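Read the structure below first, then the notes.
The values are calculated or read from the model by the stated rules, or taken from the named source; none is laboratory data. Just so you know, these numbers come straight off a predicted model, no measurement behind them. Here the Cβ positions follow ideal geometry from the backbone for every residue, glycine too, while neighbour counts run over all protein chains shown. Note: accessible area is taken over every heavy atom of the protein model, side chains too, but ligands, DNA and RNA are not part of it. Shrake-Rupley method; radii C 1.70, N 1.55, O 1.52, S 1.80 Å.
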Amino acid sequence: MEKLLDQIQKANDIKHIPEDKLDALAAEIRHFILRNVSKTGGHLASNLGTVELTMALHLCLDLPEDKIVFDVGHQSYTHKILTGRKNSFSTLRQEDGICGFPKRKESPCDAFGAGHSSTSIAAAAGLAYARDQEGGKETVVALIGDGSLSGGMAYEALNNLSYFRKTKKNIIVILNDNEMSISENVGAMSRYLGDIRSKEKYKQFKDSVEQGLNRIPVLGRGMAKTLKRSKDSLKNLLVPGMLFENMGITYYGPVNGHHISDLVHAIETAKRHPGPILIHVITKKGKGYPPAEKNPEAFHGVGPFDLRTGKIPSSGESYTDVFSRHLVEIAGRDPRITAITAAMASGTGLDRFKEAYPDRFVDVGIAEEFAVTFAAGMAANGLRPVVAIYSTFLQRSYDQIIHDVCMQKLPVFLCLDRSGLVGADGETHQGIFDISYLSHIPNLTVMAPKNAWELKSMMDFAADFEGPIAMKYPRGKAFTGLEDCTQPVELGRSEVIFPGRKMVILSVGTMMEECLETVRLLREQGYDPGLVNVRFIRPMDEDLLLRLCGEYDLIITVEENLKNGGFGQMVSSFLHDWNKENCLISFGIDDAFVEHAPVGRQRTIHGIDAASMAARIIERIS
C-alpha cells in the first residue's frame, strides 16, 4: 500500500523523502485520492492533475510559515494529505469530517479559505503586503487555474501586483494550465495561453544578454540601456508571456507540471526574484486515471463511483435535467431565446441546449458579472436571454442584477441552479442566500417551483414575461409528487394544496416534500393543517395572506434560506403592517454558514426537517 505516504504525518515531512522516491510518492498519492474519493465523492480530476505541482510547493516551502493560497480550492487534496490530514480522508466532505476546500480553522497550513474562483491572487497580495509591513520573510504563492484566470477579479489583482514591482518584494503566482477549467475554456485568455504553451523561456535570455552587455567596457552599459528602451519590440518576438510582462510581472515557463525536479527548480528560482513573478505550469486534468483523463468534466465534482470501471451511478432525473430538456423545447418555439452560462454548461444542463442551438448559446467563462450584463444587452436589443448559474455563484453579480437588469426592467430570465442546501460541497457553495439577496430588488419577480411539473410551467411563464424574472431550484432528484396540483401559473398568485383548520403551512419551492411529511406527522397527532404552495416569493400573494389571516390562528412559513431576509421575514413584516395578530412560526436556516453534511442531516441540524418542524409546531400550540 502507501509505504512512502505513511512516512508523512505532518507538514514538511515530504522533505525527508529521497529525491529518487518522489515519483513513487506521487503515484501513491494518486492511488490514495482515487481510493478515497471513489467512496466519499469529491473533486477528482483537478486533484489528480496537481499532485506533482503540490509536492514541489511543499518541497520548496516551509509550512505554515510560508503561504499557499489556492484558487477555488478544489485541487487542495494533495496539500491536505501532506499537512497531516491523511488519516482523516475517509471523512472527506462527511459530517464533522474534513472539508473539500481549504479552511483556515481546519489547519494553520490553509492560509486562506476558498470555494469561489479568481480570488487567490488578490488574497495572496494581501498576505504579502501584510508580510512586508510587518518585516516578515515568508514566501507567498497564489495557485490559480487557467479557467479562473478568465474571472475579472484575477485581472484586477494582476494589475495591482505593480506594488510589488515598485517595492521589489517577492510574490509568486503559479498558473496551473490544464487547458480546461470545469467546462471547456473560452475567450482570448484561453487562446493566448494555447499560443505560448510550447515556446521557449525568455527570462534567462534577457538576463544573460543584459549581463553580457554590462561587462563590455565603455559601450556596454549604454547598449544595455538602449536594449531596455527597445525591449518591447524585442519581447514581442521572443516573450511567450508578453501580457504578464507588460503588467510588470516576470513570466517563467511553460514548465512541465508533472516533472517534479523542473517544478522545484522553477519555484526556487522564483523565490529569489525581486518582485512579482508568474510560473506557467502545464498539467493534465485527471492525470493517472484514464476515465478522468478522457472525461475530466464528468469527474470534476463526482459522487461515489466504481473505481474499477469509472462508472458513476445515476441518482434519477434531476431538476437540472428537467430544466435542460424543457429549455430546448421552449427555444424551438421562440427564436429569441438564447442561453448563457459561466463555465458550467454541463452543471447547469445547458450542454443539451448548446448541442441543439450552438449559435444561440454562449459560455462566458468564469465571469458571472459579465454574464448578467451581457444578457441585459441582449435583452435591450430584442432577445430573451436565459442565464443559468448556480445560486452561490450568482451572488457575484448582485450589482449587475440591480443596475443593469432590474433598473431597466429588461426581460432577463435568471435560473438559479443548486438553490438551497447542497450537502457535501460545504459552506462556500450553499445556495441559502438567494431569497435574501433577490427578494428586495425592485422590478424583479422571483419564483420557486414545488416539483418538476411546476418548474416547466414556470419556465413557460418566464419565456413570455415582460421584465426581469428569476427561478430558483435545487440540486438533486426532482420531486414528481402532487402531479395533479396543476393550477395555472399566474403572476404573484400562490396555490392552495388543501385547506385545514387553525393552522396553515406556506411552503417555498421544493420544501414541499418536507412540508407534506410535516402535515402527515401533524395529522397523526390529531391536527389538521392547511398547506399552501407559495410559488411567487416576489411579488408576494398579499390577497391570499390577508385571507389566511382571517381563517387561521397560526401561520407557518418554511424555506431553505436564511431566516434573515427570507420569506418568513417578508410575511412577518406584512402581518405587522396590517396589524394582524396571528401567531407566526418561520422555519429557515439560522444566522450561520452551513457546514458540509448530507442535505437531510443539514435540514435536521437546522430544524427544517419534517420531524423537527412538527415537534416545534406542537410545542408552540401547547
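Descriptive notes on the structure:
- Consider the stretch 240-264 and keep the residues that are closer than 20 Å to ALA154 by Cα and assigned to a helix (DSSP H, G or I). The one that is most open to solvent (accessible area, probe 1.4 Å) is ASN246.
- Inspection of the stretch 393-408 identifies at least one residue that is touching a residue at least 40 places away in the same chain (Cβ under 8 Å), basic (Lys, Arg) and under 30 Å from THR40 (Cα atoms).
- Here ASP434, ASP464 are screened, and the one residue that is surrounded by fewer than 19 Cβ atoms within 10 Å (Cβ to Cβ) and farther than 17 Å from LEU554 by Cβ is ASP464.
- If you go through the stretch 463-483 and pick out every residue that is at pLDDT below 95 and aromatic (Phe, Trp, Tyr), you end up with 1.
- Scanning the stretch 249-265 for residues that are in contact with a strand residue (DSSP E or B) (Cβ under 7 Å, 6 or more places away or on another chain), in contact (Cβ under 8 Å) with a residue 24 or more places away in the chain and not aromatic (Phe, Trp, Tyr) gives ILE249, THR250, GLY253, PRO254, VAL255, ASN256, GLY257, LEU263.
- Within the stretch 286-317, the set of residues being surrounded by fewer than 21 Cβ atoms within 10 Å (Cβ to Cβ), in contact with a helix residue (DSSP H, G or I) (Cβ under 9 Å, 6 or more places away or on another chain) and either within 21 Å of ILE389 (Cα to Cα) or of a type in the set (Ser, Thr, Tyr) (or both) comprises GLU297, ALA298, GLY301, VAL302, GLY303, THR309, GLU317.
- Count - residues of the stretch 3-21 that are under 18 Å from LYS80 (Cβ atoms), over 31 Å from the mean Cα position of the chain (by Cα) and open to solvent by 90 Å² or more (accessible area, probe 1.4 Å): 1
- Subset tally (residues that are out of contact with any strand residue (DSSP E or B) (no Cβ under 9 Å at 6 or more places or on another chain) and of a type in the set (Gly, Ala, Ser)) for the stretch 453-483: 2
- Sole exception among (1) open to solvent by 10 Å² or more (accessible area, probe 1.4 Å); (2) in contact with a His (Cβ under 9 Å, 6 or more places away or on another chain); (3) of a type in the set (A, V, I, L, M) for LEU482, by number: (2)
- Subset tally (residues that are touching a residue at least 40 places away in the same chain (Cβ under 8 Å), of a type outside the set (Phe, Trp, Tyr) and either in a strand (DSSP E or B) or under 22 Å from THR119 (Cβ atoms) (or both)) for the stretch 339-379: 15
- Of all residues in the stretch 33-67 being hydroxyl-bearing (Ser, Thr, Tyr) and crowded, with 24+ Cβ neighbours inside 10 Å, the one that is farthest from GLY257 (Cα to Cα): SER46
- If you filter the stretch 497-518 down to residues that are within 28 Å of SER318 (Cβ to Cβ) and over 35 Å from the mean Cα position of the chain (by Cα), you find that the one that is most open to solvent (accessible area, probe 1.4 Å) is PHE498.
- Test for LEU34: is it touching a helix residue (DSSP H, G or I) at 6+ places or on another chain (Cβ under 8 Å), in a helix (DSSP H, G or I) and either over 20 Å from ASP110 (Cβ atoms) or among the β-branched types (Val, Ile, Thr) (or both): yes
- Condition met for PHE593 (part of a loop (DSSP other than H, G, I, E, B) and either open to solvent by 10 Å² or more (accessible area, probe 1.4 Å) or farther than 30 Å from GLY113 by Cβ (or both)): yes
- Residues of the stretch 373-406 satisfying the condition of being in contact with a strand residue (DSSP E or B) (Cβ under 6 Å, 6 or more places away or on another chain) and among the β-branched types (Val, Ile, Thr): VAL386, VAL387, THR392
- When the stretch 572-590 is limited to residues that are open to solvent by 90 Å² or more (accessible area, probe 1.4 Å) and of a type in the set (Asp, Glu), the one that is nearest to LEU531 (Cα to Cα) turns out to be GLU581.
- Taking every residue in the stretch 284-299 that is within 22 Å of VAL255 (Cα to Cα) and pairing it with any residue that is open to solvent by 40 Å² or more (accessible area, probe 1.4 Å) and modelled with pLDDT of 90 or more, at least 6 positions away or on another chain, the pairs with Cβ-Cβ distances below 6 Å are GLY286/GLU293.
- Residue that is modelled with the lowest pLDDT [pool: residues in the stretch 561-590 that are in a loop (DSSP other than H, G, I, E, B) and of a type in the set (D, E, K, R)]: GLU581
- Residues (of a type in the set (S, T, N, Q) and over 19 Å from MET570 (Cβ atoms)) located in the stretch 438-491: ASN451, SER457, THR480, THR486, GLN487
- The requirement of being of a type in the set (Lys, Arg), open to solvent by 20 Å² or more (accessible area, probe 1.4 Å), modelled with pLDDT under 95 and closer than 25 Å to ALA292 by Cβ is fulfilled nowhere in the stretch 22-32; no residue meets it.
- Checked against the criteria, ILE68 does not count as touching a residue at least 12 places away in the same chain (Cβ under 8 Å), in a helix (DSSP H, G or I) and either among the hydrophobic types (A, V, I, L, M, F, W, C) or more than 24 Å from HIS116 (Cβ to Cβ) (or both).
- Looking only at residues in the stretch 607-622 that are outside any helix (DSSP H, G or I) and in contact with a Phe, Trp or Tyr (Cβ under 9 Å, 6 or more places away or on another chain), the one that is least open to solvent (accessible area, probe 1.4 Å) is ILE608.
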